Amino acid sequence: MRANGSESRRETAAPAIELRNISKSFGAVRANRDISLAVAPGTIHGIVGENGAGKSTLMSILYGFYRADAGEIFINGEPTRIPDSNAAIKAGIGMVHQHFKLVHNFSVLENVVLGAEDGLILRSTLTRARKLLTELADEYELNVDPDAIVESLSVGHQQRVEILKALFRHADILILDEPTGVLTPAEADHLFRILRSLRDEGKTIILITHKLREIMAATDTVSVMRRGEMTATLKTSETSPEQLAELMVGRKVLLQVDKKPAVPGPAVLDVENLTIEGERGETALKNISFTVHAGEILGIAGVAGNGQSELLRALGGIEQAQGTVRINGTEIPLEGANSGADARRRNGIAHVPEDRQTLGLVMEFKAWENIAFGYHHDPSYGRTRWLLDIEAARRLTGVALKKYDVRPADPDLTAQSFSGGNQQKIVLAREIDRNPDLLIVGQPTRGVDIGAIEFIHRQVLELRDSGKAILLVSVELDEILSLSDRIAVMFDGEIIGTRNANETDEKELGLLMAGIAEVKTT
Amino acid sequence: MDFATVIQLLDSTLRLSTPLLLACLAGLYSERAGIFDIGLEGKMLASAFFSAAVAAATGSALIGLAAGTAASLALAALHGLASITFRGNQLISGVAINFLASGLTALIGQNWFKLGGRTPALSGDARFLPIDFYFSDTLSTIPVLGPIYSELLSGHTLMVYVAIAAVPATWWVLFRTRFGLQLRAVGENPEAVDTAGLSVTALRYQASLICGLLCGLAGAYLATGMAAGFIRDMTAGKGYIALAALIFAKWRPGYALLACLLFGLLEAVAIRFQNIDVAGVGTVPVQFMQALPYILTVVILAGFIGKAIPPRAGGEPYSKERA
């Protein structure tokens with residue numbers, strides 16, 4: 001009965017949200033161009049688009065962070081002005097941000113009531129919130145301990161607190177911005193169950209994501225954004241990932257990576273009992289051991305924060321560690337002299353760091369400076385140790401930028417003036433072009449658009465096929481599965497299991513990522 | 001050391017702790033809201049001068065108190081303008097306020113009173129006078145409890161009692177009221193406050209002004225309660241010691257009371273015992289005793305007290321991210 005009821009309401013009722021001709025520019029950049037969108041009440045509506053397509057700007061306008069330059073917003077058929085977040089909350093809009101807006105040392109209850117208190121004194125509000133939390137926990141599987149301190153909660157539970165915050169404010173429209181980026185597959189499934197039951201209660205949900213699989217699995221309707229424009233709105237049941245990808249990029253995209261079977265050679269990287277003590281005495285890396293062979297990609301999967309960053313930093317010479325690491329059979333120092341990033345480069349290790357903006361590039365420096373960095377003592381940049389041949393550096397950079405499809409291929413532009421994907425290609429150009437024996441690469445396609453992802457994946461595979469060893473760390477399980485030859489899963493600072501890529505699947509890896517190790521190992 | 005000496009010592013501890021405690025709580029409101037305030041010293045000094053000057057002119061300690069507090073509030077608003085509205089560096093703004101107060105009070109004082117930067121000595125109603133509790137004379141003869149009641153607890157000026165009452169009041173405000181919850185949140189994660197539809201700017205200004213108010217009380221007490229008039233730079237680093245006490249107290253009101261009492265006690269000991277003879281060591285010079293509170297400050301700031309976690313967003317101006 002309920003399904004029928006909500007079905008008929010969907011047909012007749014005014015849209016929960018209607019945007020008419022919304023435009024917004026930042027300087028010369030037109031982030032949103034003449035966008036119109038109607039979302040029916042009681043539905044889950046997905047918005048997909050590449051980075052920089054304008055999804056976040058549009059949602060920020062809806063939540064009162066930015067004001068649109070032009071256009072109108074209707075909430076349940078009523079024209080509504082949303083000059084600030086307070087107005088959005090009053091209009092019944094709740095937002096779960098990609099980076100949670102929680103006070104880390106407050107309890108769950110305190111976070112939920114913040115800004116929505118009944119009166120001067122907290123007590124009655126806290127009591128009311130506690131009662132509501134108990135009710136919601138039963139109704140929507142939204143269970144969280146009301147008295148837990150937020151920073152002690154898992155990321156999945158912190159996200160629930162954000163949802164509870166919105167519900168406590170009587171939100172009827174819930175916007176979630178990239179909600180699954182930090183969740184395990186099981187946590188993501190749980191989230192989608194919660195969203196579905198909220199929808200069945202009549203709430204309207206907007207899900208922003210770049211993961212097409214989630215759009216297909218969780219939404220009723222989907223809108224695609226490209227370069228600030230709304231290019232299409234479709235029923236999810238009547239579309240396909242391929243069609244959505246094409247709409248996002250504007251051309252056909254290969255979602256599946258074409259990959260020849262690996263031809264593994266001798267061991268290039270041999271890691272034994274690698275250990276790092278964390279800042280507060282806890283162990284960030286616990287006796288990690290693995291081997292990467294020439295001509296092979298070893299993928300490291302895991303939920304963010306389970307020791308992958310430390311592993312990359314230790315191998316890249318950024319953080320000191322204990323244990324044994326051999327490159328082509330020769331042990332390299334992990335502490336003290338000759339354990340820095342420059343020494344690693346001499347050892348034949350190239351490192352594409354997880355965070356290109358802080359570790360990979362100097363954002364204020366020009367492309368040629370960034371390309372030369374770390375290799376600036378190389379004879380190709382000048383014959384003496386002290387003087388840099390700037391013309392040679394610019395010329396070589398120009399060549400590298402073309403080869404790695406960086407647009408625009410101008411060596412004199414600063415790193416920050418390139419898009420995310422092109423920044424990543426600059427880092428790849430620097431690291432791969434030096435012909436390393438081993439490439440360690442972290443989150444190669446984080447914040448990179450689909451077109452660039454395709455290119456970067458091809459580069460990594462070409463490097464493998466030319467007989468180099470590659471260690472790939474990524475929180476994107478799809479990426480790990482499509483690129484890796486073998487997959488190691490990290491959990492709580494340890495490698496909890498290793499699988500051959502063609503003998504495992506998402507489900508098994510998902511369990512390992514959640515810390516559930518089975519007996520089977522290869 | 002006999003009982004009477006102990007009572008006297010504790011009595012002056014209370015008096016000497018009062019300005020520290022008021023300034024420390026002032027800093028607590030400000031820093032809990034994410035505004036570092038190194039300018040407690042300057043605000044106290046400005047209040048001390050203007051309260052003494054106006055009290056000397058009008059003959060009323062209360063009007064003096066109002067004037068001193070107004071001066072302190074003005075400087076607090078200036079700090080807010082620099083560090084909240086214009087998102088300047090909070091340390092530099094605080095240091096500037098300290099210089100400004102130190103220079104201006106001496107300059108204006110000399111111009112008005114021609115006494116080398118002092119104000120005229122205050123007497124009568126131009127000062128806050130001790131408040132004697134009921135029956136303190138009659139009860140003073142009771143052994144032990146009598147002196148505690150009539151000498152230790154009774155006979156202080158109004159501000160001493162205000163300062164002590166401010167401790168539980170601050171705790172209640174911070175942890176039991178809407179304002180306190182929002183104030184603590186804005187010092188830890190202003191983004192959470194902003195997305196909850198609250199104004200980060202308004203909350204931080206409110207905290208700054210409460211800080212100004214309490215510094216005003218502290219300064220007025222120095223010049224019109226504890227002393228009888230203003231002398232140049234009479235705060236003598238009390239604002240900084242209050243900051244040290246705040247860190248010592250880990251930004252909690254109850255601990256702030258204990259920390260300030262400890263500093264007050266050290267000061268009282270330094271005044272009471274000018275030269276202490278320690279068996280086997282010889283005479284501890286008075287300079288050492290006077291330096292003790294400052295030495296303790298250094299030891300505390302060097303991290304002797306273990307990990308004190310300041311409010312996470314402290315010292316950082318807030319601006320909405322514009323991606």
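The values are calculated or read from the model by the stated rules, or taken from the named source; none is laboratory data. Since we're looking at a predicted model, the values are computed, not measured. Here the Cβ positions follow ideal geometry from the backbone for every residue, glycine too, while neighbour counts run over all protein chains shown. Protein only, heavy atoms only, side chains kept; ligands, DNA and RNA dropped before computing areas. Shrake-Rupley method; radii C 1.70, N 1.55, O 1.52, S 1.80 Å.
Data table
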read-out	value
Any hit, segment B:208-217, residues being open to solvent by 50 Å² or more (accessible area, probe 1.4 Å), away from chain A (no Cβ under 14 Å) and without any contact (Cβ under 8 Å) to a residue 40 or more places away in the chain	no
Single residue of A:Ala301, A:Ala350 found to be under 30 Å from A:Glu508 (Cβ atoms), in contact with a Leu (Cβ under 6 Å, 6 or more places away or on another chain), assigned by TED's automatic domain parsing to the domain that holds A:Arg486 and buried (at least 16 other Cβ atoms within 10 Å of the Cβ)	A:Ala301
Pair list, Cβ < 6 Å and 6+ apart or interchain, from segment B:191-202 residues that are more than 7 Å from every other protein chain (Cβ to nearest Cβ) to residues that are surrounded by fewer than 21 Cβ atoms within 10 Å (Cβ to Cβ) and not in a helix (DSSP H, G or I)	B:Val200/B:Tyr318
Criterion (open to solvent by 30 Å² or more (accessible area, probe 1.4 Å), in a helix (DSSP H, G or I) and either within 14 Å of another protein chain (Cβ to nearest Cβ) or farther than 30 Å from A:Thr127 by Cα (or both)) met by exactly one of B:Ile231, B:Ile164	B:Ile164
Only listed residue being of a type in the set (Val, Ile, Thr) and either more than 19 Å from B:Arg184 (Cα to Cα) or at pLDDT below 90 (or both), chosen from A:Val155, A:Val150	A:Val155
Any chance B:Leu28 is open to solvent by less than 10 Å² (accessible area, probe 1.4 Å) and under 22 Å from B:Ser93 (Cβ atoms)	yes
Residue count, segment A:278-298 (criterion: surrounded by 15 or more Cβ atoms within 10 Å (Cβ to Cβ) and acidic (Asp, Glu))	1
Filter pass, A:Arg193 being touching a Phe, Trp or Tyr at 6+ places or on another chain (Cβ under 9 Å), at pLDDT 90 or above and either open to solvent by less than 30 Å² (accessible area, probe 1.4 Å) or assigned to a helix (DSSP H, G or I) (or both)	yes
Failed condition for B:Gly27, given (1) assigned to a loop (DSSP other than H, G, I, E, B); (2) within 12 Å of the chain's Cα centre (by Cα); (3) not aliphatic (A, V, I, L, M)	(1)
Strands (runs of 3 or more DSSP E) wholly inside segment A:70-184 containing at least 3 residues that are crowded, with 17+ Cβ neighbours inside 10 Å	A:93-96, A:173-177
Residues (of a type in the set (Gly, Ala, Ser), out of contact with any helix residue (DSSP H, G or I) (no Cβ under 6 Å at 6 or more places or on another chain) and either surrounded by 21 or more Cβ atoms within 10 Å (Cβ to Cβ) or closer than 26 Å to A:Val155 by Cβ (or both)) located in segment A:460-500	A:Ala469, A:Ser482, A:Ala488, A:Gly493
Segment B:186-201: number of residues that are within 24 Å of the chain's Cα centre (by Cα) and either under 19 Å from A:Gly119 (Cα atoms) or open to solvent by 10 Å² or more (accessible area, probe 1.4 Å) (or both)	2
Subset of segment A:28-69 that is hydrophobic (A, V, I, L, M, F, W, C) and within 14 Å of another protein chain (Cβ to nearest Cβ) - its residue that is surrounded by the fewest Cβ atoms within 10 Å (Cβ to Cβ)	A:Val29
Qualifying residue in segment B:43-56 (condition: closer than 30 Å to B:Glu191 by Cα and crowded, with 24+ Cβ neighbours inside 10 Å)	yes
Test: residue in segment A:404-424 that is touching a strand residue (DSSP E or B) at 6+ places or on another chain (Cβ under 6 Å), more than 19 Å from A:Ile470 (Cβ to Cβ) and not in a loop (DSSP other than H, G, I, E, B)	yes
Any hit, segment A:372-386, residues being at pLDDT below 90 and in contact with a His (Cβ under 8 Å, 6 or more places away or on another chain)	yes
Single condition A:Val325 does not satisfy, out of (1) surrounded by fewer than 18 Cβ atoms within 10 Å (Cβ to Cβ); (2) outside any loop (DSSP other than H, G, I, E, B); (3) assigned by TED's automatic domain parsing to the domain that holds A:Asn502	(1)
Residue ID - farthest from the chain's Cα centre (by Cα), chosen from residues in segment B:278-298 that are open to solvent by 60 Å² or more (accessible area, probe 1.4 Å) and at pLDDT 75 or above	B:Thr283
Condition check for B:Arg87: touching a Pro at 6+ places or on another chain (Cβ under 7 Å) and more than 24 Å from B:Ala244 (Cβ to Cβ)	yes
Only one of B:Gly116, B:Gly88, B:Gly109 that is touching a helix residue (DSSP H, G or I) at 6+ places or on another chain (Cβ under 7 Å), more than 30 Å from B:Asp11 (Cα to Cα) and exposed (fewer than 15 other Cβ atoms within 10 Å of the Cβ)	B:Gly116
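Let's see how each residue does on (1) free of Cβ contacts under 8 Å to residues at least 12 places away in the same chain; (2) under 29 Å from the mean Cα position of the chain (by Cα); (3) within 10 Å of chain B (Cβ to nearest Cβ):
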| position | (1), (2), (3) |
| --- | --- |
| A:Glu78 | yes, no, no |
| A:Phe100 | no, yes, yes |
| A:Asn105 | no, yes, yes |
| A:Asn111 | no, yes, yes |
| A:Asp118 | yes, no, yes |
| A:Thr125 | no, no, yes |
| A:Arg130 | no, no, no |
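To keep it simple, each residue is scored yes or no on (1) surrounded by fewer than 19 Cβ atoms within 10 Å (Cβ to Cβ); (2) at pLDDT 85 or above.
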{"residue": "A:Ala217", "(1), (2)": "yes, yes"}
{"residue": "A:Val222", "(1), (2)": "no, yes"}
{"residue": "A:Glu229", "(1), (2)": "yes, yes"}
{"residue": "A:Ala232", "(1), (2)": "yes, yes"}
{"residue": "A:Pro241", "(1), (2)": "yes, yes"}
{"residue": "A:Glu246", "(1), (2)": "yes, yes"}
{"residue": "A:Leu255", "(1), (2)": "yes, no"}
{"residue": "A:Pro261", "(1), (2)": "yes, yes"}
